[in-house]
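Asks: Structure provided below as structure tokens; questions to follow.
Where a number appears in this text, it was derived from the coordinates with a stated rule and is not lab data. Computed from a prediction, not measured in an experiment: that's the story for all the values here. Neighbour counts run over all protein chains shown; Cβ positions are idealised from the backbone, glycine included.
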Amino acid sequence: RYNGEVGDIVVGRITEVQQKRWKVETNSRLDSVLLLSSMNLPGGELRRRSAEDELAMRDYLQEGDLISAEVQSVFSDGAVSLHTRSLKYGKLGQGVLVQVSPSLVKRQKTHFHDLPCGASVILGNNGFIWIYPTPEQKDEEAGGFTTNLEPVPLSDREVISRLRNCIVALVTQQLMLFDTSILYCYEASLPHQIKDILKPEVMEEIVLETRQRLLDLEG
Amino acid sequence: EDLRVDGRGCEDYRCAEVETGVVSNTSGSARVKLGHTDILVGVKAEMGTPKLEKPDEGYLEFFVDCSANATPEFEGRGGEELGTEIANTLYRVFSSESSVDLKSLCINPREHCWVLYVDVLLLECGGNLLDAISIAVKAALFNTRIPKVRVLEDEEGSKEIELSDDPYDCIRLNVDDVPCIVTLSKIGYRHVVDATLQEEACSLASLLISVTSKGALTSMKKVGKGSLDPESIFEMMETGKRVGKSLHIALQKILDEEESLGTSRQKVGFLG
């Protein structure tokens, strides 16, 4: 189970829409909370949230949506309060979610990585990992509320599937997840077909190679 | 395009492990691991009286138990509904006359016959339960050894059943015509075989067809809230037959390989 710390990046799913806040599921003992006042308004306005904003909450985030957010504070009972007060957080569009144990995600300076193979990944500290196609240009909309629903090209989808299988392989072999390990694992898996990565023999081979390269990097 | 989230094509199965002879006090058993789905099947052969309408045949009884370990929803009595549904599907699939040679299970017409109690235990639920269950049932039936019995008649006319003393003297079932279930789930405009839990959540309707090794369909069932177009049903049936045939070939190969290793085979079982 995930125990929240202030400043962690998490990826969560909205489970409930309540009066002035959203309940977010983040693989912890208690549901996390995203207050309306911690959410950026579209257009980047800074004002007190009115009753109209409350009624329009469902237009921003509904049950079942995925968001990326940062932990603002932790309540005394362990529940976590989230905020999305930055342009890089907000609703997530098309991509693949992988659920792993929170202890396998390494704590780093940044958890948003644009991998050179053509996809981007968000390593949530709560164990939810989001893989998505790298957006073409940096959109300037506040909070990222609008989701891009255009079909993702096959080449991007292959990269994303391969990354997903690599992450599953690393998790099965209990290796820490960070951008370098994922990238090395991806490169080690290139000679194999995407669906073969999940076979036990291939998985062991790839992870062994990744482990070797990481040791060489350190030593 | 033919690409799913884990890189498989629409007609690819996940990596499957099949092992027979895992439970020692049954007549036959098998364990199948298909991705995260784990199924254990045990077959017990017992003597019983034949059914009134079929006096010279034995029969099969299915029982499905959803273990509470499988998913949290199966706690307490939660899994019973799913269990009865799966058992009913199995009865339907095996209701065809040609699947199992029931006449070979008869000892004395109208008086004694072999009843095969097939018990299915769901250890872990990882999507695509019925396919894994049908593979396990076929493997367990292949592994089943029924002891040979002789019927002796007394002077008074009462019959006695004699069991042979040799534990290796037994009859095997012919599983060539036992069907396997292929579940085709409709997602969007395409259909996929062997859906994971996430893919099952996205699909509104699925078609369950049972295919024999020769490619003949023995039964068909539609599940799910959504509706299926008649044309897509034809396509799914064709895909199902193709996939079913290759599944049978692969399964038979593994069963034969396991058989040929004989008693020197290292059993992995549960603790390996």
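Asks: Compute the distance in nm between two label points, each set 7 Å from the Cα along the Cα-to-Cβ direction, one at A:ARG213 and one at B:THR49.
Replies: Result for the modelled spin labels: 7.2 nm.
Asks: What's the exposure ranking of B:VAL193, A:VAL33, going from fewest to most Cβ atoms within 10 Å?
Replies: Values: B:VAL193 23, A:VAL33 18.
Exposure proxy ranking, most exposed first: A:VAL33, B:VAL193.
Asks: Further question on the same structure: Give me the inter-chain shielding for B:10-16: mean count of other chain Cβ atoms within 10 Å, whole number please. Can you show the working numbers first?
Replies: Numbers: counts 0, 0, 1, 1, 3, 8, 0.
Per residue, the average neighbour count from other chains is 2.
Asks: Still on this model: Calculated FRET efficiency, A:LEU149 and A:ARG58, Cβ-Cβ r, R0 25 Å, to nearest 0.05?
Replies: On the way: r = 19 Å, r/R0 = 0.74.
That gives a FRET efficiency of 0.85.
Asks: Next question. For the range B:1-89, take N as its residue count and report Rg(C-alpha) divided by 2.2 N^0.38 Å. Please report the intermediate quantities before stating the final value.
Replies: On the way: Rg = 17.7 Å, N = 89, 2.2 N^0.38 = 12.1 Å.
Taking the Cα Rg and dividing by 2.2 N^0.38 Å, one obtains 1.46.
Asks: Please report the projected area of the range B:16-261's Cα convex hull averaged over all directions, in nm².
Replies: Working: hull surface 60.1 nm².
Averaged projected hull area, Cα only: 15.0 nm².
Asks: OK, next. Is there a quick way to get the dipole size of chain B? I mean about its Cα centre, with the Cβ of Lys and Arg at +1 and of Asp and Glu at -1; what is the value in debye to the nearest 20?
Replies: Values: 30 positive and 47 negative charges, 137 e Å.
It comes to approximately 660 debye.
Asks: Still on this structure: Find me the longest stretch of chain B that has none of the exposed chymotrypsin sites (Phe, Trp or Tyr not before Pro), where exposed means in a DSSP loop (not H, G, I, E or B) with at most 12 other Cβ atoms within 10 Å. Please list the in-between numbers first.
Replies: On the way: sites that count: B:TYR168, B:TYR189, B:PHE270.
That would be B:1-167.
Asks: For the cross-link pairs A:LYS88/A:LYS109; B:LYS103/B:LYS222; B:LYS44/B:LYS214, which exceed 20 Å when the distance is taken from alpha carbon to alpha carbon? Intermediate results must be reported in sequence, preceding the final value.
Replies: Numbers: A:LYS88/A:LYS109 15 Å; B:LYS103/B:LYS222 31 Å; B:LYS44/B:LYS214 27 Å.
Flagged as over cut-off: B:LYS103/B:LYS222; B:LYS44/B:LYS214.
Asks: Same structure, new question: How high is the FRET efficiency from A:LEU87 to A:GLN18, r the C-beta distance, R0 22 Å, rounded to 0.05? Intermediate results must be reported in sequence, preceding the final value.
Replies: Working: r = 25 Å, r/R0 = 1.16.
Efficiency at R0 = 22 Å is approximately 0.30.
Asks: Dipole of the protein assembly as shown (Lys/Arg Cβ +1, Asp/Glu Cβ -1, origin at the Cα centre): which of B:GLY9, A:THR26, A:TYR60 lies farthest to the positive side?
Replies: So the residue furthest toward the plus end is A:TYR60.
Asks: In whole Å, what are the Cα extents of the protein assembly as shown along the three principal axes, biggest one first?
Replies: 103, 57, 49
Asks: Something else: Sorting A:ARG48, B:ARG14 on the 10 Å Cβ count, fewest up front, what's the list? Spell out each step's value before the answer.
Replies: Details: A:ARG48 6, B:ARG14 22.
Exposure proxy ranking, most exposed first: A:ARG48, B:ARG14.
Asks: Principal axis extents for chain A, Cα atoms only, whole Å, descending order, please.
Replies: 57, 41, 29
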